[in-house]
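The structure appears below as structure tokens.
Taken together, the values in this text are just the output of simple stated rules run on the coordinates, not laboratory data. These figures come from a predicted structure and were not determined experimentally. As a convention, Cβ positions derive from the backbone with ideal geometry for all residues, glycine included, and neighbour counts pool all protein chains shown.
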Amino acid sequence: MIPEIVLLSLISLSILFIRKKRLKLSNIKIEIKGYQILIIAAVIELTAEFVYKNLNSSNTFKILSFHWLIYLAIFAVTILNFKKTFMKLLFLGTLLNFIAIVSNDFKMPVLVSEVLLNTEAKRIYLQTGQDLIHSLLTENTKFKILCDIFTLPSPYPFPKTISIGDILLLLGVFVVWQESVNNKNSNDSDEPVGDNDNGS
């Protein structure tokens, strides 16, 4: 969801600067306890996917099949920062995705919509286990409502299928920037410029 994260961040920042016209970049500050864990988790996830695609052996799969454990790290960070609104959204989104994954052999089932291109190729790719973190949604899939069933078709530049959990995660990304303003230093951003004396 990297393209969506970048897009939502740009939209959120644009709205933020429109709302607070004299906002300075120095007023934007994101404080997340244990953020290093999120960075490590992201690196592990990307590395696991790369290794799985390039070294697809039984021993490799046994090791990488535990990649879902990074969710525990994400839960830990969200709980540490649970007072923040965006962290509540990230926690809920992660929880819904986690339920779908652990209920379906630790992979996220994906509905391959006919509105996407190369649908048959995508079905075969998922059905044959070539994807480390996704599988094909079937009649036997559990908690279908929590799986990747919402399609973002063209003309969206990055067509894909996402879940309710993903939507909440992206909403959390949007909110994080809205909550990033240091109100103490930016209270005057919304106030008109004028004289503060009592007049003459």
Exercise for the section: May I ask you to sort Ile18, Ile32 by Cβ crowding, counting other Cβ atoms within 10 Å and putting the fewest first? Expected result: Ile18, Ile32
Completion exercise
Taking the alpha-carbon centre of each part, the distance from segment 97-170 to segment 1-40 in Å is 27 Å
Fill in the blank from the handout: Final fewest-first order of Glu120, Glu4 on the 10 Å Cβ neighbour count is Glu120, Glu4
Practice task
Pop a pseudo-label 7 angstrom from the Cα along the beta-carbon direction at both Tyr125 and Lys144 and give the gap in nm to one decimal.
Solution key: 2.3 nm
Completion exercise
Too long for a 25 Å Cα-Cα cut-off, among Lys29/Lys83; Lys33/Lys142; Lys21/Lys83; Lys53/Lys122, are Lys33/Lys142; Lys21/Lys83
Exercise for the section: Grab the Cα-Cα distance for Phe106 and Ser180, subtract it from 0.36 nm times how many residues apart they are, and report the gain in nm with one decimal. Expected result: 23.2 nm
Exercise for the section: With θ set to phi - 60°, apply the Karplus curve 6.51 cos²θ - 1.76 cosθ + 1.60 along segment 136-146 and write out the HN-Hα couplings as whole Hz, x wherever there is a Gly or Pro. Expected result: 7, 6, 10, 5, 8, 5, 9, 6, 4, 4, 9
Problem - In nm, spacing of pseudo-spin labels at Asn118 and Tyr35 (7 Å Cα→C-beta vector) - result: 3.6 nm
Practice task
Describe numerically, in nm with one decimal, the distance between label points set 7 Å from Cα along Cα→Cβ at Phe158 and at Ile11.
Solution key: 1.2 nm
Handout entry: Residues Asp148, Asp131 arranged by fewest to most Cβ contacts within 10 Å
Key = Asp131, Asp148
